[in-house]
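In what follows, a single structure is set out as structure tokens and then discussed.
The values are calculated or read from the model by the stated rules, or taken from the named source; none is laboratory data. Please read these numbers as outputs of a predicted model, since none were measured by experiment. Positions of Cβ are backbone-derived with ideal geometry, glycine not excepted, and every protein chain shown enters the neighbour counts.
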There are 2 protein chains.
Amino acid sequence: MKTDSSSSIGIFDSGIGGLTVAKAVIEALPEENIIYFGDTARVPYGIKSEETVRNYALQITDFLLSKGVKMILIACNTVSASAKDEIIKAAGDIPVLDVITSGTDAALSGEGGKDQIGVIGTLATVNSKAYVRSIKERNNGVEVIQQACPLLVPLAEEGWIDNVVARQTLHTYLSYFDETNIRSLILGCTHYPLFKDVIAQEFGGKKIDIIDSAESIAETARLKLKELRLENSGGGKLECYVSDRPQRFQELAERFLGRSLGDVQIVTLS
Amino acid sequence: MKTDSSSSIGIFDSGIGGLTVAKAVIEALPEENIIYFGDTARVPYGIKSEETVRNYALQITDFLLSKGVKMILIACNTVSASAKDEIIKAAGDIPVLDVITSGTDAALSGEGGKDQIGVIGTLATVNSKAYVRSIKERNNGVEVIQQACPLLVPLAEEGWIDNVVARQTLHTYLSYFDETNIRSLILGCTHYPLFKDVIAQEFGGKKIDIIDSAESIAETARLKLKELRLENSGGGKLECYVSDRPQRFQELAERFLGRSLGDVQIVTLS
């Protein structure tokens, strides 16, 4: 399909978390139209085999391409880790960005990313060592210290963002970094930007760059569209598709997006 | 397949939670052999359609029947809610018990189950209203007050059973019952027996029956085997099968079972 500057940006995730990316893109590029796909019928991807994740990701890529998107943002760490190359190949001329690459670049270019970088993520992301590989490929001298925070996704979906449970949970997880000298922390899961303020408070007086990969990928997208002269003006629409339970998605969306959503449409992929 | 008293009891769940049922059965019936199946490749069931859950449950039933079990225990609330009748039909002469029926019977027969019964469970179980229906079918005069506790499963799987986060989470969820007069609380999820002590402490001086459906179904199984004269003597083996990630299952198993596991075997169902 022929794309031009008025075409939409496609963003996808295994579920709802990628809406933090959509939010960051709306803030960085308010004139762009966005098509979001959340694979709510098959979430979570982290417990599935790489082959299965690749199949799902390619189905979603086909769907977004059929909608004529001019760019694809992989707003899912599991897909970024295991299917990025296949998606780039399937997308042909359409540029593809992913949260891991954007987050890594942002961490390494920051003041705090010189010696030690901390990464927090789901168990699946941490076990995949995708951030470790991505950072080491660019700068082998940087030490990467990972900590899995499996409770943060369910906390975010319960809406417990800064209550006493959320604070105590983050305190427990982040105390793992007490004995380190990290000055940069990558939020390696698209749900985690919701906890950014509490995380910053947890580090208290310590100077630390908190790398919000949603913001990083939005900034990369802005630069890329500028470079390709594909910037839109006069758009600003957000269209959401899910593979199951649109109502639940709509209920949770406001928390992730900071505003309410219109209709959410169901699509069955196979 | 011909079954007799030396045959195993089959227990299954969508994942690891059903091991609390296995534990209760081992305590109530230490001479029985147990075959456990956890569908770790397809967990969680709660977000899937009833039709899909029924298909999965029937595949597992076939697997357990092929192993020659003399009884099947459905240790999964989602399956109990949506596929019990189909499993009973598929199992023919082999008796089938489920956690919802056992939990309901135990709650209603207790001192506290006369006027108001509380139920805690996952979002899927609470939304399905399966406990409400099951209780009302037996005694329409009892009021059922449900509270979803979505964070308890991830807390249990993280091993945070009685730390400050677990206590604060339970305090927040259970304060919902402050304005009620419940004297009976059903733990409507197979993960929840891990929190039984903290839950009891949370109700403090209040006299309340805490209905552990793992214990209830184990007791029902004991009586049923006695009635059918199918009790074993000289067994006591536990055989575990999962559909994915046997190592993760093994790591978590000790917490649910109170003891370590031997080998866990992988089975692919379809």
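Here are a few things to note about the model shown:
- Residue in segment A:224-270 that is farthest from A:ILE72 (Cα to Cα), counting only those that are hydroxyl-bearing (Ser, Thr, Tyr) and assigned to a loop (DSSP other than H, G, I, E, B): A:SER260
- Yes/no for B:SER80 being more than 15 Å from B:CYS240 (Cα to Cα) and within 14 Å of chain A (Cβ to nearest Cβ): no
- Residue list for segment A:156-167, restricted to those being part of a helix (DSSP H, G or I), surrounded by 17 or more Cβ atoms within 10 Å (Cβ to Cβ) and facing another protein chain (nearest Cβ under 10 Å): A:GLU157, A:GLU158, A:VAL165, A:ALA166, A:ARG167
- Filtered residues of segment B:17-48 (kept if part of a loop (DSSP other than H, G, I, E, B), touching a Phe, Trp or Tyr at 6+ places or on another chain (Cβ under 8 Å) and away from chain A (no Cβ under 14 Å)): B:GLY17, B:GLY18
- The lone exception for A:ALA218 - which of (1) buried (at least 19 other Cβ atoms within 10 Å of the Cβ); (2) under 18 Å from A:ASP39 (Cβ atoms) it fails: (2)
- Test: residue in segment A:49-58 that is farther than 14 Å from A:SER213 by Cα and assigned to a strand (DSSP E or B): no
- B:LEU187 at pLDDT 95 or above, farther than 28 Å from A:LEU170 by Cβ and away from chain A (no Cβ under 14 Å): no
- Taking residues in segment A:226-248 that are within 14 Å of chain B (Cβ to nearest Cβ), and partners anywhere that are hydrophobic (A, V, I, L, M, F, W, C) and part of a loop (DSSP other than H, G, I, E, B), the pairs with Cβ atoms closer than 6 Å and at least 6 places apart or on different chains are A:SER243/A:ALA41; A:ASP244/A:ALA41.
- Only listed residue being among the basic types (Lys, Arg) and either buried (at least 21 other Cβ atoms within 10 Å of the Cβ) or over 22 Å from the mean Cα position of the chain (by Cα) (or both), chosen from A:LYS196, A:LYS207: A:LYS207
- Taking segment A:107-155 as the range and being β-branched (Val, Ile, Thr) and either surrounded by fewer than 16 Cβ atoms within 10 Å (Cβ to Cβ) or assigned to a helix (DSSP H, G or I) (or both) as the test, the residues that pass are A:THR125, A:VAL126, A:VAL132, A:ILE135, A:VAL153.
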